[in-house]
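Notes to accompany the following structure.
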Amino acid sequence: MTTIRTAVLRHEGALTFSTVTGTGRSPVFGDAAGDGELSPVETVVVALAACSAMDVVSIALKKRQDFTRYEIHVRGDQRDEYPQVLTRIDVTHEVEGPGVSVAAIRRCIELSATKYCPVNAMLSAGATEVHHGYHVIGTGPRPFDESAEVLVTGPYRRPDVLADQTG
């Protein structure tokens, strides 16, 4: 089965474009950040963070990870030459709570990056190198604070091939 995604984008003047997606969402794209317009490239970076976050939280809950705070810090490097593609994105999952396991969070990130996140798969198959990492803060009886990189996907490497190597 195939999921079909649709949208209609309408020019509103200057560099502003309104859209309505097939699911009824209505983002506005453009270069006027002060007016709430979204940058297409920033939107790609945020889409990667959101896609990965949905995976990681879903998997972490199945693994019974007890976290009180979860956020992703994402940074994309966009080259100045045209086409101005993203060459590198750093995705850091910050998880805090009394019952978090570094090993479990690492595995959640690995599964998202190599199996579940379609945004990561598309970016990694192209010119973008994506660095996936974590910062886990354990607040339970034995507090700890640990950060590390989990893996790198891309450029020009399909994550499903990488999954076969790490799996």
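Numbers below:
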item	result
Filter result for Gly13 (outside the structural domain of Thr128 (by TED's automatic domain parsing) and touching an Asp or Glu at 6+ places or on another chain (Cβ under 8 Å))	no
Failed criterion for Val74 (all others in (1) touching an Asp or Glu at 6+ places or on another chain (Cβ under 9 Å); (2) more than 29 Å from Arg88 (Cβ to Cβ); (3) surrounded by 14 or more Cβ atoms within 10 Å (Cβ to Cβ); (4) not polar (S, T, N, Q) hold)	(2)
Of all residues making up region 13-39, the number that are in contact with a strand residue (DSSP E or B) (Cβ under 6 Å, 6 or more places away or on another chain) and either surrounded by 14 or more Cβ atoms within 10 Å (Cβ to Cβ) or within 26 Å of Glu94 (Cβ to Cβ) (or both)	10
Every pair of residues 6+ apart whose Cβ atoms lie under 6 Å, when the first sits in region 78-97 and is small (Gly, Ala, Ser) while the second is surrounded by fewer than 17 Cβ atoms within 10 Å (Cβ to Cβ) and at pLDDT below 95	Gly97/Asp66
Residue ID - nearest to Thr43 (Cα to Cα), chosen from residues in region 14-31 that are assigned to a strand (DSSP E or B) and not polar (S, T, N, Q)	Phe29
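Residue-wise test of (1) touching a residue at least 24 places away in the same chain (Cβ under 8 Å); (2) assigned by TED's automatic domain parsing to the domain that holds Ser147; (3) not aliphatic (A, V, I, L, M).
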site: Thr19; (1), (2), (3): no, no, yes
site: Phe29; (1), (2), (3): no, no, yes
site: Ala47; (1), (2), (3): yes, yes, no
site: Lys63; (1), (2), (3): yes, yes, yes
site: Thr68; (1), (2), (3): yes, yes, yes
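The values are calculated or read from the model by the stated rules, or taken from the named source; none is laboratory data. Everything numeric here is computed off the predicted structure, so don't read it as measured data. Positions of Cβ are backbone-derived with ideal geometry, glycine not excepted, and every protein chain shown enters the neighbour counts.
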